[in-house]
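Novice: Following this message is one structure expressed as structure tokens.
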Amino acid sequence: MARPIKQGLDYFTFDVGFFDDIRIKELRGKYGKEGENLFIYLLCLIYEKGFYITLDDGYMYVLSADI
């Protein structure tokens with residue numbers, strides 16, 4: 001019996017120098033720790049769903065409730 005095709009990833013690699021990246025430092029400077037948390041949260045959602053997500057108004061409310 002064939003295995004069902006899985007959508008997305010079970011895990012993804014995370015660079016140990018993530019917090020030293022200038023783009024992440026700029027994000028932290030502008031939005032604080034919430035910006036970093038949202039970025040990591042979005043990465044998890046994107047890779048779980050299969051490399052992209054479509055954001056609409058309803059999804060934005062879900063994000064704000066989760067974060």
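Novice: Ignoring everything except DSSP H segments at least 4 long, calculate the 222 nm mean residue ellipticity for the chain; use -39,500 (n - 2.57) per segment, divide by total residues, nearest 500. The partial results should precede the final answer.
Specialist: On the way: 3 runs with 37 residues, N = 67.
After summing the helix terms and dividing by residue count, I get -17500 deg cm²/dmol.
Novice: Select from F51, F19, G35 the residue farthest towards the positive end of the dipole of the chain; place +1 on Cβ of Lys and Arg, -1 on Cβ of Asp and Glu, and compute about the Cα centre.
Specialist: Positive-end residue among those listed: F51.
Novice: Mind pulling the angle between the C-alpha long axis of helix 22-31 and the longest principal axis of the chain? Nearest 10 degrees, somewhere in 0 to 90.
Specialist: Tilt relative to the chain: about 70 degrees.
Novice: Select from the chain those chymotrypsin sites (Phe, Trp or Tyr not before Pro) which occupy a DSSP coil region and have at most 10 other Cβ atoms within 10 Å, ordered by residue number. Could you put the intermediate results ahead of the total?
Specialist: Values: sites: Y11, F12, F14, F18, F19, Y31, F39, Y41, Y47, F51, Y52, Y59, Y61; in loops: Y11, F12, F14, F51, Y52.
Of the chymotrypsin sites (Phe, Trp or Tyr not before Pro), the ones in loops of the chain whose Cβ has at most 10 other Cβ atoms within 10 Å are Y11, F14, F51, Y52.
Novice: Might you tell me the accessible area per residue for the chain, computed with a 1.4 Å probe and given in Å²?
Specialist: Using a 1.4 Å probe on heavy atoms only, each residue of the chain averages 88 Å².
Novice: If contacts are Cα pairs under 8 angstrom and at least 6 residues apart, what is the relative contact order of the chain in percent?
Specialist: On the way: 28 pairs, mean separation 26.4, N = 67.
With pairs under 8 Å counted, the relative contact order is 39 percent.
Novice: May I pose another question? If you filter the chain for trypsin sites (Lys or Arg not before Pro), then keep DSSP loop positions with at most 16 other Cβ within 10 Å, what is left?
Specialist: For trypsin sites (Lys or Arg not before Pro) across the chain that sit outside H, G, I, E and B with at most 16 neighbouring Cβ atoms in 10 Å, the list reads K6.
Novice: List the aspartates and glutamates whose alpha-carbon lies under 12 Å from that of K49, not counting same-chain residues fewer than 8 positions away?
Specialist: Here the aspartates and glutamates satisfying the reach criterion relative to K49 are D10.
Novice: Over the chain, with every protein chain in place, what whole percent of the accessible area is carbon and sulfur at 1.4 Å, could you tell me?
Specialist: Details: 3430 of 5870 Å².
Carbon and sulfur: 58 percent of the exposed surface of the chain.
The values are calculated or read from the model by the stated rules, or taken from the named source; none is laboratory data. Only a predicted model underlies this, so the values are computations on that prediction, with no experimental measurement involved. Counting neighbours? That spans all protein chains shown, and the Cβs are built from the backbone with ideal geometry, glycine included. Protein only, heavy atoms only, side chains kept; ligands, DNA and RNA dropped before computing areas. Shrake-Rupley method; radii C 1.70, N 1.55, O 1.52, S 1.80 Å.
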